[in-house]
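Before any comments, here is the structure.
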Amino acid sequence: MTTVKTIRDGLIAGGMLMALVACTSTPPGDPDASTSGATTAAQPTTAATVLGAEEVSPLLDQITRRDGVDLNPARLADGLLPPTNTWFSGLVFGDAALPVFPMPLSFGLDDNGFAFGLPTVTTSEKTIMGGYAPIIDVTTGSKTSWQVTAYDKLSVTLEGSVDGKPFGVVRIAEGSPFVSFTASSAIDLTTNLPFTANGDAWSTKAGASEYGLVTSGKVNGSRIELDDGQRATWFATPTGGTLSGLAALADDPVVSTSVSYEVADDVTTTLRYSTEDGGSTAVTAMPHQVDSLVSDAEPIGTYTSIFGTLSVYPIGELTWSEPAQAARTGLDLSGLSSGERDELADAVRSDVATATPYPADTYFGGKALYRDAQLIQIARQVGAQDVADQLSTQVRTELEKWMEPGGCETREAFCFFYDTRNHGIVGNTPSFGSDEFNDHHFHYGYFLYAAGVLAADDPELATKIAPVMNLLAADIASNPANEYFVAQRNFDPYQSHSWASGTSPFADANNQESVSEAVTAYAGLTLWARASGNADLEAEAGWMHALESASARAYWTDFDLDDPVYQGFNHAITPLIFGGKRDYATWFSAEPAATLAILLIPVSPSSDQLRGDPERIKKNVAEATAGKGFEQQYGDYVLMYYALAGEQERQEALEVARRMDRELIDDGNTYSYLLAWLLSV
């Protein structure tokens with residue numbers, strides 16, 4: 001079956017509507033139900049709306065509603081929902097605009113105008129840097145203010161004003177090599193570097209790079225004179241390309257974008273770039289897209305980036321495919337011996353007997369529910385039905401408490417409310433800045449996963465918790481944007497991964513650290529969609545799961561070390577990725593085990609993105625365990641990853657696990673799950 005979905009057509013226009021992480025059901029005898037590889041909806045559908053306004057409005061009538069914290073969207077036009085967790089959030093929030101990285105260019109605003117340029121990529125022992133490069137500075141000659149007046153998943157429109165009077169709009173888009181300006185009144189713009197005539201375009205040299213300009217206005221060196229409605233578009237000439245080749249595509253600027261996907265055995269994504277006059281444009285593909293690009297077009301040049309070489313194509317649509325990923329409620333323990341089942345049953349009883357009270361915040365609270373849902377799955381499969389029944393009652397009671405729509409009316413914790421100021425769901429006891437919209441996909445993914453496990457064979461429970469659980473899903477997966485929620489809050493289809501920071505208060509733009517928790521979030525979303533019978537949501541979740549998994553491998557854990565961008569980088573993983581740099585670092589620890597573990601947690605039954613080249617797994621593990629071995633904090637996750645390298649490594653991991661100090665096992669994990677993973681992978 002193939003499911004076809006359209007995410008967004010056109011812009012959301014005004015009037016129309018510090019990320020931190022942890023530190024961030026299967027019936028008995030039916031293991032196949034817990035290991036289903038299906039991520040495609042049961043029936044194909046062409047519906048374009050997932051958790052839209054008509055569906056979520058009555059749910060919001062039930063839940064507590066109040067204003068959340070002031071995120072200070074200082075440069076956002078009236079009528080627009082705050083675009084948290086996007087690649088361009090830094091343009092919107094805070095007293096001063098911060099740079100963004102739409103690829104291949106960097107871009108920034110200031111009080112005099114705007115600037116852009118190709119980042120200079122430099123690689124050191126722990127950092128691949130491609131920071132803001134304001135090489136071409138465009139000024140108005142007066143104090144200038146800016147507002148985001150429209151945006152969609154890939155593009156953003158900024159209106160400039162002087163003394164309160166608009167003079168024109170700037171448009172940029174992810175994957176577009178162009179920065180375009182359209183005048184809304186007569187204006188003279190000034191560039192810091194003079195442009196000279198070069199065929200049908202204008203050009204200037206800045207270091208080793210050539211920058212081009214196409215305009216319907218008049219150019220006199222550094223001065224560009226534009227009348228109302230006239231345009232100017234700038235670009236950097238790609239390596240191996242020509243000024244004339246890009247100039248021919250620059251004259252018709254991108255005004256909006258849309259995204260669609262097809263879900264089958266492979267997941268195919270199409271990004272569409274619509275231009276003002278309906279003509280052709282240029283689109284830049286990232287390395288993970290180039291490997292599976294669906295296009296007959298030949299590249300017309302390349303750019304250097306922190307992710308490797310970007311290839312630019314003379315196309316209006318960028319289409320590529322990735323393998324679909326399996327979302328599973330639990331591990332498949334059907335192949336265990338009777339002795340191994342007995343060993344696991346004893347471990348489950350011990351873990352349940354020593355359990356601690358559930359945390360009250362949205363991160364650790366959700367993570368604990370996910371953890372115990374996995375214990376239930378293990379207990380059922382190894383014949384510890386008494387423990388499974390006891391724990392099922394306990395987890396169900398806790399989950400139902402969190403899912404009470406009016407819970408925040410009567411208590412301070414274990415509840416959610418709708419933030420009417422910022423338009424999203426927030427936990428009453430936040431953590432890691434979740435009240436500022438940090439990490440919502442990480443937090444809510446655990447709740448969704450736990451619900452998908454418990455409700456898989458309990459339709460009564462699915463119905464009971466659906467009002468709030470669907471609002472958690474809507475917070476990270478509504479599509480398209482509506483008056484209540486932005487579209488797919490964290491997810492970036494172009495880069496194929498999520499952004500964790502709500503307001504992105506960083507000079508290197510937004511970031512994500514725990515990509516493995518993002519993968520888990522979309523797997524959990526798939527399971528909840530399946531348990532609640534929402535085929536459209538299941539298809540969308542499967543699409544995001546596939547892309548997040550692909551980018552996790554391409555840029556966090558399994559990238560090609562032979563690419564020139566990694567020369568001088570002394571590590572095999574990049575735990576922390578910003579728009580403008582990649583760091584061998586975490587927000588919470590400098591320990592090598594932590595830098596790897598944050599890309600592994602929680603090692604869920606759906607973490608197939610961790611499987612890969614055995615030699616690369618061993619290389620990553622060797623760095624994480626150097627000098628300390630596995631018996632250290634986060635060593636349990638590293639041990640589970642190590643077992644994926646082969647049968648010998650799995651047996652070694654079992655020996656270590658059986659003698660490991662259980663106090664070292666992370667609070668989001670259990671000895672039972674560690675052992676079950678090592679016995680079954």
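Structure above, values below:
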| read-out | value |
| --- | --- |
| Positive dipole terminus of the chain, leading residue within Val426, Pro323, Thr309 (C-beta point charges) | Thr309 |
| Set of lysines with alpha-carbon distance to Lys205 below 29 Å, sequence-local pairs under 8 removed | Lys143, Lys218, Lys581 |
| Modelled FRET efficiency - R0 56 Å, Val681 with Asn220, Cβ distances, 0.05 increments | 0.25 |
| Pairwise FRET efficiency - Asp613 versus Ala353, Cβ, R0 = 41 Å, nearest 0.05 | 0.55 |
| Karplus 3J(HN,Hα) series, Hz, for segment 164-178 with 6.51 cos²θ - 1.76 cosθ + 1.60 (x for Gly, Pro) | x, 10, x, 10, x, 10, 10, 10, 9, 8, 4, x, 9, x, 10 |
| Fully extended contour minus Cα-Cα distance, from Ser57 to Thr196, at 0.36 nm per residue | 44.4 nm |
| Residues of segment 493-600: accessible area per residue with a 1.4 Å probe, Å² | 19 Å² |
| FRET E, pair Thr242, Ser338, Förster distance 60 Å, beta-carbon r, rounded to 0.05 | 0.30 |
| Formal net charge of residues neighbouring Ala593 (Cβ-Cβ distance under 13 Å; K, R +1; D, E -1) | -4 |
| Of Ser334, Ala360, Gly383, farthest towards positive along the dipole that unit charges on Lys, Arg, Asp, Glu beta carbons give segment 330-393 | Ala360 |
| Cβ-placed point charges (K, R +1; D, E -1), dipole of segment 323-429 about Cα centre in debye, nearest 20 | 260 debye |
| Label-point separation in nm, Ser124 to Thr410, each point 7 Å along Cα→Cβ | 5.6 nm |
| For segment 431-575: span of alpha carbons on each principal axis (Å, largest first) | 57, 30, 27 |
| Amide N of segment 62-105 lying under 14 Å from the label point, which is placed 7 angstrom from the Cα of Asp111 along Cα→Cβ | 95-97 |
| Interchain or long-range residues, amide H under 5 Å from Ala285's placed H | Ser311, Val312, Tyr313 |
| Anisotropy class of segment 589-681 from Cα gyration tensor, a/c 1.5 cut | rounded |
| Set of lysines near Lys464 by C-alpha distance (under 30 Å), chain-local residues within fewer than 8 positions excluded | Lys5, Lys367, Lys401 |
| 5 angstrom amide H check on Ser305, placed H, neighbours 5+ away | Leu310 |
| Surface share of carbon and sulfur [accessible, 1.4 angstrom probe, percent] for the chain | 48 percent |
| Cα→Cβ-extended label distance, 7 Å offset, between Gln648 and Phe588, nm | 3.4 nm |
| Amide H contacts of Ser184 (H built 1.01 Å from N, under 5 Å, at least 5 apart or other chain) | Gly168, Val169, Gly229 |
| Antiparallel DSSP beta bridges within the chain, percent to nearest 5 | 95 percent |
| Estimated vicinal HN-Hα couplings, Hz - segment 383-400 in sequence order (Karplus 6.51, -1.76, 1.60; Gly, Pro = x) | x, 8, 5, 4, 5, 4, 5, 4, 6, 4, 4, 5, 5, 4, 4, 5, 5, 4 |
| Residue among Val283, Thr268, Gln230 farthest towards the positive dipole end of the chain, charges placed on Cβ | Gln230 |
| Unit charges on C-beta of K, R, D, E only; dipole of segment 556-681, Debye | 80 debye |
| The chain, helix-only ellipticity at 222 nm - DSSP H runs n ≥ 4, -39,500 (n - 2.57), divided by all residues, nearest 500 | -9000 deg cm²/dmol |
| Set of lysines with alpha-carbon distance to Lys618 below 22 Å, sequence-local pairs under 8 removed | Lys126, Lys628 |
| Surrounding net charge for Ala236, when Lys and Arg each add one and Asp and Glu each subtract one, Cβ distance under 13 Å | 0 |
| Assigned charges on the beta-carbon of Lys, Arg, Asp, Glu; segment 480-554 dipole about Cα centre (debye) | 120 debye |
| Shape category assigned to the chain from the gyration tensor of Cα positions, a/c cut at 1.5 | prolate |
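The values are calculated or read from the model by the stated rules, or taken from the named source; none is laboratory data. Since we're looking at a predicted model, the values are computed, not measured. Positions of Cβ are generated from backbone atoms using ideal geometry, with glycine treated the same way; all protein chains shown enter the neighbour counts. These area figures cover heavy atoms from the full protein model, side chains too; ligands, DNA and RNA do not enter into them. Shrake-Rupley method; radii C 1.70, N 1.55, O 1.52, S 1.80 Å.
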